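Structure first, then comments.
The values are calculated or read from the model by the stated rules, or taken from the named source; none is laboratory data. Quick caveat, the model's predicted, so the values are computed rather than measured. Neighbour counts are summed over all protein chains in view; Cβ atoms, including those assigned to glycine, are modelled from backbone coordinates with ideal geometry. Keep in mind that these areas ignore ligands, DNA and RNA; they rest on the heavy atoms of the full protein, side chains included. Shrake-Rupley method; radii C 1.70, N 1.55, O 1.52, S 1.80 Å.
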Amino acid sequence: MPLDAGHDWWRSAVIYQVYPRSFADANGDGVGDLPGITSRLPYLADLGVDAIWISPFYPSAHEDGGYDITDFTGVDPIFGSLADVDALIAAAKKIGLRVLLDLVPNHTSRHHPWFVASRASRSAARRNWYIWADPAKDGGPPNNWRAVTGGSAWTFDASTGQYYLHSFFAAQPDLNWRNPNVREAMAGVMRFWLDRGIDGFRVDMIDYLLKDEALRDEPLDENGWYDQPLAKYQLNQRGVVDIMRSLRRVVDGYAGARILLGEVESRLPIDVLVRYYGTAGQLDVLHLPFNFWLLFLPWQSAALERFITDYDGAVPEGAAPNWVLGNHDVPRPATRLGAAQARAAMVLLLTLRGAPVVYYGDELGMPNVPIPPERIQDPWSAALPGGGRDPARTPMRWTRGPNAGFCPEHAMPWLPVGDELEAINVEDQRHDPGSMLALTKALLALRRACPALRGGNLRCLQGPPGAVVFSRVHDDERFLVAINTTAAPVEVPLPAGTSGIVRISSAMDRTGTCTTLPLRAHEACVLEWIPRS
Ligand code: NOJ
């Protein structure tokens with residue numbers, strides 16, 4: 001019986017994140033769109049991923065890259081139409097790709113009709129769809145809560161004399177999830193898309209959905225500061241898990257396995273993170289709460305090994321881990337870690353237990369692309385180190401031709417494509433057996449073919465300093481993965497009495513049998529692991 005067939009597809013699925021503005025531009029306006037994505041689905045099926053998650057394409061004021069939505073059940077004309085969504089879903093189904101859409105329940109755009117109505121007066125019927133509070137005695141914000149993007153989480157609305165809460169930018173007022181009408185409205189949004197045949201949602205900022213009802217100040221440390229992921233009153237309140245359970249019931253009401261992949265704060269302690277699964281025996285919250293720790297851990301064997309062991313061990317029995325190496329909010333792995341390290345990290349991502357997420361372009365080793373000041377799009381860019389989020393959101397590089405094949409030559413891509421990155425493109429890498437694309441494809445093919453790599457147990461083994469070594473075992477099938485996180489060669493002796501056959505090296509240049517595995521700088525290998533007879 002193969003692991004993870006049918007209903008459990010998501011347990012070991014490889015989910016590919018598409019940032020719609022940047023994937024493929026079919027209508028030649030320099031902005032990616034839905035027909036562009038549809039035209040590239042065969043590339044993704046051939047790559048070997050199981051599902052795509054498409055970041056928001058809904059009507060938006062574009063004050064936060066589409067995460068400031070003005071209509072949850074529409075399509076922004078820059079991306080296409082509802083008919084284009086239907087065509088995309090149908091085309092994906094035909095070639096066996098599942099489709100997840102982004103659900104953004106924590107906030108709307110300030111231009112959403114719900115907020116416009118809420119802001120109209122203190123007695124407006126929709127007033128308590130959002131979180132309003134009177135000024136503090138000194139006229140300032142009601143409490144000391146910070147927005148994730150910095151500064152107060154409160155903005156004053158002069159016309160009604162109250163502050164509204166926004167966990168992110170002021171352009172994104174937070175909905176009031178204590179109001180049953182908000183819950184029902186969001187369930188309606190989910191049904192709207194589920195009825196069209198999607199396979200589930202990636203859910204934005206779930207841990208922020210409820211805030212302390214009394215709006216108590218966050219306790220500050222001696223520097224007058226508090227650590228956002230650990231905030232006491234702004235997130236992870238009692239009750240958020242129940243809200244997630246209610247969203248889970250919505251997807252569970254549909255035939256087939258529709259799933260929820262939920263975004264939690266990126267540095268949540270493991271014990272808080274795993275609460276979003278539910279408990280062993282009652283896994284009724286999220287199918288997959290995001291685990292973002294690979295984005296922040298140092299690329300060092302001890303730290304990685306400790307985290308892998310602790311997290312894998314903390315995921316409740318019967319649930320599946322999740323791993324993320326890149327996304328639209330953080331620098332790309334090829335920039336964050338280095339080009340060679342990014343190849344080794346792809347080996348890690350695709351051989352760990354659970355359901356990994358691959359960010360578009362990371363399969364090519366696309367680095368961050370520097371953005372000249374006059375072309376900055378992301379309002380957060382100025383405040384974040386390294387030019388913010390735009391450099392990791394640049395157009396997919398399809399060819400070495402004009403505009404990297406993302407849009408026609410006459411068009412101006414919405415962000416620079418990175419003209420100096422000639423060799424980093426799908427067309428060239430497809431013909432290069434040593435390319436990062438070839439490596440990613442080989443890893444995905446091996447994973448598909450081998451139950452041990454998809455769903456087998458994981459155990460970290462003692463490796464030499466600098467190397468992360470772990471086994472993946474299912475029935476008689478055994479693999480050993482060894483990753484050199486350093487710039488110096490290391491020798492990984494295989495456990496006594498065993499040998500290995502190199503199935504994949506991150507350098508894509510070796511095979512062969514060994515009893516001890518020499519790894520070059522930043523090299524990672526996947527070995528079929530054989531007890532010696
Ligand atoms: C998390 C998303 O990943 C990010 O891009 C967005 O800006 C915030 N949530 C606000 O929705």
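Each Cα pair under 8 Å and six or more residues apart adds its sequence gap; the mean of these over the residue count of segment 113-165 is a relative contact order of 32 percent. Here the accessible area is traced with a 1.4 Å probe on the protein chains. For segment 113-165, carbon and sulfur cover 55 percent of it. Peptide packing: for 260-268, 248-256, the average count of neighbouring Cβ atoms within 10 Å per residue gives the ranking 260-268, 248-256, highest mean first. Bridging of K137 to lysines at a Cα separation below 26 Å is possible for K211, K232, once same-chain residues fewer than 8 apart are set aside. Figure note: K211, K93, K137, K441 ranked by solvent-accessible area, largest first, 1.4 Å probe, ligands and nucleic acids not counted: K137, K93, K441, K211. In terms of packing, defined here as the mean over residues of other Cβ atoms within 10 angstrom, the peptides 340-350, 73-83 line up highest first as 340-350, 73-83.
If you roll a 1.4 Å probe over segment 457-531 with all protein chains in place, what percent of the accessible area is carbon or sulfur?
Looking at segment 457-531 in its full context, I get 54 percent from C and S.
Within the chain, the whole DSSP H helices whose Cα atoms reach 15 Å or more along their own axis and whose mean Kyte-Doolittle score is at least 0.5 are 82-94, 339-351, 436-449.
Computed over segment 457-531, relative contact order equals 31 percent, with contacts defined as Cα pairs under 8 Å that lie 6+ residues apart.
Normalised by the number of residues in the chain, the mean separation of alpha-carbon contacts (under 8 Å, six or more apart) gives a relative contact order of 13 percent. Taking the Cα centre of the chain as reference, the dipole from Cβ charges on Lys and Arg (+1) and Asp and Glu (-1) amounts to some 900 debye.
Couplings for segment 140-149, taken from phi via the Karplus curve 6.51 cos²θ - 1.76 cosθ + 1.60 with θ = phi - 60°, read x, x, x, 7, 8, 5, 9, 6, 4, 7 Hz in order; Gly and Pro are left as x.
For the pair segment 324-365 / segment 223-251, the C-alpha centres are spaced 27 Å from each other.
Indicate the gyration tensor shape class of segment 113-165 (rounded, prolate or oblate), computed on the Cα atoms with a ≥ b ≥ c the square roots of the eigenvalues: a/c under 1.5 is rounded; otherwise a/b larger than b/c is prolate and the rest oblate. Oblate. Helical content of the chain, expressed as a calculated mean residue ellipticity at 222 nm, amounts to -6500 deg cm²/dmol (DSSP H runs of 4 or more residues, -39,500 (n - 2.57) each, divided by residue number, nearest 500).
Give the distance, in whole Å, between the Cα centre of segment 47-84 and the Cα centre of segment 408-440. Between the Cα centres of segment 47-84 and segment 408-440 lies a distance of 24 Å. The amide H of L103, built 1.01 Å from its N in the peptide plane, has R202, V203, D204 as neighbours under 5 Å, considering only residues 5 or more places off or on other chains. Label segment 215-370 by shape, choosing from rounded, prolate and oblate, from the square roots a ≥ b ≥ c of the eigenvalues of the Cα gyration tensor; if a/c is under 1.5 it is rounded, and otherwise prolate applies when a/b is larger than b/c, oblate when it is not. The shape class here is oblate.
Centre-to-centre, using Cα atoms only, segment 129-166 and segment 442-485 are separated by 50 Å. Nearest 0.05, what FRET efficiency do T309 and E222 give at R0 = 51 Å with Cβ-Cβ as r? According to the calculation, E is roughly 0.95.
Average accessible surface for the chain: 38 Å² per residue, computed with a 1.4 Å probe over protein heavy atoms with every protein chain in place. Report note on the peptides 125-131, 172-178: ranked by the mean count of other C-beta atoms within 10 Å, highest first, their order is 172-178, 125-131.
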